[in-house]
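Comments concern the structure below.
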Amino acid sequence: MAQEQRLELKLSQKLILTPQLQQSIKLLQLPLLELTQDINQELMSNPLLEEIVETERDPEAKNESHELAPDRESFAETPEDAEAPLEKIFGFSTDSYFEERESDGRDLGYFHEGSDDTQSPFERNRKRIDIYEHLLWQLRLSHTIEETGRAAEIIINNLDENGYLKSSLEEIAENANAGMETVEEALRFVQGLDPSGVGARDLRECLLLQLGQLNLQGDLVEKILVEGFHELEMKKYRQLALKLGVPMDDILASVRIIEGLEPRPGRNYSGDEPAHIIPDVYVEESEGKFIITLNEEGIPRLRLSHYYRKLLANKKSLGPEEKQFLEDKLRAAVWLLKSLDQRNKTIYKVTDSILRFQEDFFRKGSKYLKPLNLKDIAEDLGMHESTISRVTSNKYVQCPQGLLNFRFFFSNAVSSEKGDISSSTVKDLIRKIVSEENSKSPLNDKKIIEILKEKGINVARRTAAKYREELKIPSHVKRRKWF
C-alpha cells in the first residue's frame, strides 16, 4: 500500500473549558467555608484585589467597590487618565452589569451580620483529649519494660476511633522489631488500661474485657458471650436458653447486663469537635411572604485596588513584563468578581424556584413535600441539570422547618390515592409507624406495607425495606425487646 502526504481541512465542534470557566464552575459548587478559603487565597496571590474593610468611611473607596473592569487591551495613555473613573479607562461600568439585580423585582439581600463571639479564650482554645492521648498518658505514667512499652505505643497508635485494634499482632511485631511474646504482653497491658474494653479486636472480645471489672468472669454472662454470641446478636433468646440449658429468666437477666456494657469504648474520648453547619441561604416568612437572603457572613468583600489601577493606567511607568503581569492579574480579578456575583445570582434563583415548587412545605410542614427532581428546576430556570446539581451540592438552607440540605427538597414520586407524593413523606410515615409500634412485638416490612396501604399509599415490600434501611432502622428481629 503506497504512502502519501496531503493537506486536508476539517471542521469540528469542541467544548473547551477555559481556566476562567473552570473557576466559575468550581466557585458555584463550593460551600460557604471553602468559598471563604478560596477567596482569601486569591486575595494573597492577586495584588489587583483588596478587601473592603467595614470601618472604611472614604466615599471614594466605597464607590470603587461598585466598579468592575472588563477584559480590554486598551489602557489610558496619559498620566491624567490615572485619576479617571474605571469606565473611562476601560470603557465598561459595573453599574450596568448590576442593573439586572435592581430590575428583577427581588431583593438579593446579602447578609453581613457580625458574629457574636461570646466564648472566652479558654473555651476557644480548649481541645478535647482523644483516645490516643488518653492511653499514651497512662502508658507514660506506668513502669514497663522499654521493649514492651514501645510495642504498646505502636498498638495504641493502631487503634481506631472506637478503641479497636485493626492491625494484626504480626504487623505490630514487625514494626516494633520485637517477638510475639513481647507484643502479646504489650496487648494485655493496653487492654488493661482505661477505658475498659479498649484494644479489643472484635465486639465479643471488647465485651469480655469489660467483665473483669464487674467480677463476672466464669459467670453465665461470659458463657453467653463465648458460646452463644450468634444467638445473642439475633436476639434468639429461647434458642440460647435451650443451647446452654439454663432457664429463660437467667438468660434475660444476663442479657440486661450485656446491654449495659460499652460496645465502643473510645467514643467518649473523640477528639472531633461537633461540626456546626452554616446555612448558605436564609428563607424567612414575613407578612405572608417569603424572603430569601444569601448568607455572606465571613466572606471577604472584594474590590479592585485603586493603587494598581492608577499604576496600570500610567503605562509609561511600567516595563513590558510589569504591564503584562498587571493586565493578567486585572483580568483574573475581574473574572473572579463576575463569577462571585453570578454564583450569588444562581443560588438565589435556584432557591426561589425550589420555594415556588415547595411552597406548601415551607408553610405547612413535611407532610406537604412534593416530588421534585433536578430536571424540574433546570427547566423552570432554563439552566442545565449539572448547574442545578452543583448549586445544591453540600449547601444548606435555614427555613421555618429547620436547617435542611438543599438535596432534601428533591425526592422521587410514590403513588397514592391522593396522587403522587414524595418518597421523603413515605419515609417520615415509616419512621412514625416504627416509633409507635409495640417494642415486644415489632412490625415486619409486610405489616408496615399494610399500614401504608390503609393510608392510601402503595409501595412494594422491597421499596419499604429500602426506605427502612435508609432510615437506619434495623429489622423487626433486631428491634424486638424482651423486657
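Between LEU242 and ASN394, how many nm apart are label points set 7 Å from Cα along the C-beta direction?
In this crude label model, LEU242 to ASN394 measures out at 5.4 nm.
How far is it, in nm, from the label point at GLU205 to the one at ILE129 when both lie 7 Å from their Cα along the line to the Cβ?
If labels sit at GLU205 and ILE129, their model points lie 2.6 nm apart.
Figure the gain on full extension for SER45 and ARG331 (residue separation times 0.36 nm, minus the Cα-Cα span) and round it to one decimal in nm. Provide the component values of the computation, followed by the final result.
Values: separation 286, 0.36 × 286 = 102.96 nm, distance 1.36 nm.
Taking 0.36 nm per residue and subtracting the Cα distance, the gain is 101.6 nm.
Nearest 0.05, what FRET efficiency do GLN217 and SER435 give at R0 = 30 Å with Cβ-Cβ as r? Mind showing how you got there, number by number?
Numbers: r = 38 Å, r/R0 = 1.28.
Computed FRET efficiency for GLN217 and SER435 comes out at 0.20.
When the chain is fully extended, how far beyond the present Cα-Cα distance does GLU259 get from TYR282, taking 0.36 nm per residue of separation? Working shown, then result.
Details: separation 23, 0.36 × 23 = 8.28 nm, distance 4.30 nm.
Here the answer is 4.0 nm.
Need one number: convex hull volume per residue for segment 131-269, Cα atoms only, in Å³. Show your work: numbers first, answer last.
Details: hull volume 15.6 nm³, N = 139.
Expressed per residue, the convex hull around the Cα atoms of segment 131-269 is 112 Å³.
Go ahead and run the numbers for FRET between GLU359 and LEU471, Cβ-Cβ distance against an R0 of 22 Å, rounding to 0.05. Mind dumping the intermediate values first?
Working: r = 26 Å, r/R0 = 1.19.
For R0 = 22 Å, the calculated efficiency reads 0.25.
Using a basic spin-label model with each label point 7 Å from the Cα along Cα→Cβ, how many nm lie between ARG407 and GLU146?
5.3 nm
Determine which lysines satisfy two conditions relative to LYS338: a Cα distance under 17 Å, and not lying fewer than 8 residues away in the same chain.
Cα-Cα hits under 17 Å: LYS26, LYS329, LYS349.
Relative to the present Cα-Cα distance, how much length would full extension add between LYS367 and LYS478 at 0.36 nm per residue of separation? Could you put the intermediate results ahead of the total?
On the way: separation 111, 0.36 × 111 = 39.96 nm, distance 2.86 nm.
Here the answer is 37.1 nm.
Indicate the gyration tensor shape class of segment 220-336 (rounded, prolate or oblate), computed on the Cα atoms with a ≥ b ≥ c the square roots of the eigenvalues: a/c under 1.5 is rounded; otherwise a/b larger than b/c is prolate and the rest oblate. Spell out each step's value before the answer.
Working: a/c = 6.20, a/b = 3.10, b/c = 2.00.
Prolate.
Sorting SER142, SER339 on the 10 Å Cβ count, fewest up front, what's the list? Working shown, then result.
Working: SER142 12, SER339 18.
Ordered by Cβ neighbours within 10 Å, fewest first: SER142, SER339.
Shape of segment 321-468 from its Cα gyration tensor (a ≥ b ≥ c, root eigenvalues): rounded if a/c is under 1.5, otherwise prolate when a/b > b/c, or oblate?
Numbers: a/c = 3.32, a/b = 2.88, b/c = 1.15.
Prolate shape, in that a/c is at least 1.5 and a/b is the bigger ratio.
Placing one identical point scatterer on every Cα of segment 413-479 and ignoring solvent, what is log10 I(q)/I(0) from the Debye formula at q = 0.21 Å⁻¹?
Log10 I(q)/I(0), no solvent term: -0.81.
Sort MET383, MET180 so that the residue with the fewest other Cβ atoms within 10 Å of its own Cβ comes first and the one with the most comes last.
MET180, MET383
Between MET180 and ASN458, take the C-beta separation as r, use R0 = 45 Å, and let me know the FRET efficiency to the nearest 0.05.
Working: r = 61 Å, r/R0 = 1.35.
Efficiency at R0 = 45 Å is approximately 0.15.
Only the coordinates and a few stated rules stand behind these numbers; no lab work does. If you're wondering where the values come from, they're calculated on a predicted model, not measured in any experiment. So basically every Cβ, Gly included, is an ideal-geometry build from the backbone, and we count neighbours across all protein chains shown.
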